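The values are calculated or read from the model by the stated rules, or taken from the named source; none is laboratory data. Every value quoted in this text rests on a predicted model; they were computed, and no experiment measured them. With ideal geometry, Cβ positions are generated from the backbone for all residues, glycine too; neighbour counts draw on all protein chains shown. Just the protein is used for accessible areas: all its heavy atoms, side chains included, with ligands, DNA and RNA removed. Shrake-Rupley method; radii C 1.70, N 1.55, O 1.52, S 1.80 Å.
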Amino acid sequence: MSFEWVVKIISENWPMFLRGAGVTLFISIIGTIVGSLIGLLIGVIRTIPIPERGPKKIVLKVVNAILSIYIEFFRGTPMIVQAMVIFYGSALAFGFDMDRLYAAVFIVSINTGAYMSEIVRGGIVSIDKGQFEAAQAIGMNHFQTMFNVVLPQVIRNILPATGNEFVINIKDTSVLNVISVSELFFQTKSIAGNNFRYFESFFVACILYFIMTFAVTRILRWVERKLDGPDNYIMMGNQMQVETPEDIMRKEKN
């Protein structure tokens, strides 16, 4: 590898590298946010208790079956194939002329939603059942319980997994070059095709991918620490606080 060529490639093509990195971050951020919202909604729906009989049972069974098909399909097929089917397949079958950038955001969003729905469902199931029973005891329905009691805890618990999905999306946007989205991999391939220095060009792309993923990881860990609160947190006493045996013995000695 020639470092002179690396410097030359960066100096001559840095606008294309930055443009590609910007598109990659845009698709990843929007796709992760929308996918997380989809996952939260599906996770809440899939945890609705199914009654033993009645029309509500039939409706929930049908909805759960449709959501299960969606989850299994998008988790069981590669994103590159999904991109080809959604972008080119929809144009051939239905005549949809989708904008490539919007199509990329849509593909990443629904793919992320399938993964996030299972992450959210696992987070909801991990919450102690006593909290559900307590919420029902004070008259909350399922959705009130979820949004007021369960989801605030679930969001904190699944934050590391959500960050992992964000990092994966940054890397997986490279497959969207099959529908000619001008993200970082596509721009790097164009640069390498012009100068025929593939190793040096993609070495620069590797560094940019690493910078993006490393920065996202550090930011999310900082957010996790903020949500955890201070390490030296001490609860203030109140009038109803129960005395410890040590306090009782100390009083008797005095």
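Quick look at the numbers
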| quantity | calculated |
| --- | --- |
| Residue in segment 7-15 that is open to solvent by 80 Å² or more (accessible area, probe 1.4 Å), over 28 Å from residue 199 (Cα atoms) and not acidic (Asp, Glu) present | no |
| Which listed residue is in a loop (DSSP other than H, G, I, E, B) and open to solvent by 30 Å² or more (accessible area, probe 1.4 Å), from 96, 166 | 96 |
| Answer residue from segment 125-135, given it is surrounded by 14 or more Cβ atoms within 10 Å (Cβ to Cβ) and either within 19 Å of residue 65 (Cα to Cα) or free of Cβ contacts under 8 Å to residues at least 24 places away in the same chain (or both) and is farthest from the chain's Cα centre (by Cα) among those | 135 |
| Scan of segment 45-89 for residues that are at pLDDT below 85 and within 26 Å of the chain's Cα centre (by Cα), ordered by number | 47, 48, 49 |
| Qualifying positions in segment 220-246 - modelled with pLDDT of 60 or more and open to solvent by less than 100 Å² (accessible area, probe 1.4 Å) | 220, 223, 224, 228, 229, 230 |
| Hey, residue 66 surrounded by fewer than 18 Cβ atoms within 10 Å (Cβ to Cβ), among the aliphatic types (A, V, I, L, M) and not in a helix (DSSP H, G or I) or not | no |
| Qualifying position, being surrounded by 12 or more Cβ atoms within 10 Å (Cβ to Cβ) and closer than 27 Å to residue 102 by Cα, among 76, 31 | 31 |
| Among the residues listed as 90, 117, the single one being hydroxyl-bearing (Ser, Thr, Tyr) and without any contact (Cβ under 8 Å) to a residue 40 or more places away in the chain | 90 |
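Residue-by-condition table, conditions (1) in contact (Cβ under 8 Å) with a residue 60 or more places away in the chain; (2) part of a helix (DSSP H, G or I); (3) in contact with a Pro (Cβ under 8 Å, 6 or more places away or on another chain):
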position: 152; (1), (2), (3): no, yes, no
position: 181; (1), (2), (3): yes, no, no
position: 190; (1), (2), (3): yes, yes, no
position: 212; (1), (2), (3): yes, yes, no
position: 216; (1), (2), (3): no, yes, no
